[in-house]
Amino acid sequence: MAKTSTTTQGLRAAIERSGYYPALVAEAVEAAVGGEPIRSYLVHQETTFDQNEVRRHVTVLVLTDNRFIVSHTDEQAADTTSPTPYATTSTESVKIGRISSVVLSRVVANPESYTPGTLPREVVLTIGWGAVSRIDLEPAACGDPNCEADHGYTGSSTADDLSLRVSEAGDGPETVRQTLAFAQALSEATADTAR
C-alpha cells in the first residue's frame, strides 16, 4: 500500500499473514481506502466446508476518520462460467454516520469466576448500516384456542449487514483481541458522529 503509517503497514502485514491471495486483497483494500489514514482494521480469514469442497473467505474491515470499509474475497471452483478456479473481491464503503448499530457479543467460560480483562472465548461482531435487513415473520394468533380466524403475521426486522464470529480456539487469541479493539474503535467513531 502506498501510505507508510504504522497502521497501514500493520494492515498489509495482517493481509499477508492471512495467506489468502494477499496481492489481490491488498490491492482491493488500498483502492477503497484511497489516501485516508487508517484508524483501525481487522483481517478475518475463514475456512468453510461446502459439500465436498473446502472454501476459504477473507473479510477485511477498515476504519478511517470518515468511513467504514468492508472487503470480502471468496474463492470459487471452476464452473460453467469459468474453466479455471477464480476469486471474487468486493469492497463497500460506508460513511461513519450511516452506521446504526455495533453489537459485540462475548462468550466467556466460567462466568462466576470471571476476572475483568480476561479474553473472551468467542466474540461475535455485528454491524448494521441499513443495506441489508432480515425480516422474521410468524403467524399472529389471538388468545382464544378455538379461534380459526386469520390474524395475519407478526414479526421483527433486524439490521444485519455484517456479522463476524471469531473464536480463540479457531482464530487464535490475537484475532479475538483485534476484534475487540476494532469494535471499540468503531463504536467510538459512531459516538463521535452522533454529537
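The values are calculated or read from the model by the stated rules, or taken from the named source; none is laboratory data. Quick caveat, the model's predicted, so the values are computed rather than measured. Heads up, the Cβs are rebuilt from the backbone with ideal geometry, glycines too, and the neighbour counts pull from every protein chain shown. Ligands, DNA and RNA are excluded from the accessible area calculation, which covers all protein heavy atoms including side chains. Shrake-Rupley method; radii C 1.70, N 1.55, O 1.52, S 1.80 Å.
Relative to its Kirkwood radius, the Cα radius of gyration of the range 66-157 gives an Rg/Rh of 1.17.
Extension gain for C142-V107 works out to 8.9 nm (0.36 nm per residue, less the C-alpha to C-alpha distance). Shape index of the chain: Rg/Rh, with Rg the Cα radius of gyration and Rh the Kirkwood radius from the inverse mean 1/r over Cα pairs, equals 1.06. The gain in end-to-end length when the T84 to R98 segment is fully stretched comes to 1.2 nm, 0.36 nm per residue minus the alpha carbon separation.
Beyond 14 Å, what percent of the Cα pairs of the range 1-87 remain? I get 64 percent for the Cα pairs in the range 1-87 exceeding 14 Å. Largest first, the extents of the alpha carbon coordinates of the range 23-73 on the three principal axes equal 42, 17, 11 Å. For the chain, the longest principal axis of the Cα atoms and the long axis of helix 22-33 meet at an angle of about 70 degrees.
At a 1.4 Å probe radius, carbon and sulfur cover how many percent of the accessible area of the chain?
49 percent
For the range 65-147, run through the chymotrypsin sites (Phe, Trp or Tyr not before Pro) and keep only the ones in DSSP coil with at most 13 other Cβ atoms within 10 Å of their Cβ. In loop regions of the range 65-147 (DSSP not H, G, I, E or B), the sparsely surrounded chymotrypsin sites (Phe, Trp or Tyr not before Pro) are Y114. On a per residue basis, the chain carries 59 Å² of accessible surface, using protein heavy atoms and a 1.4 Å probe. This model, with +1 at the C-beta of Lys and Arg and -1 at the C-beta of Asp and Glu, gives the chain a dipole about its Cα centre of some 900 debye.
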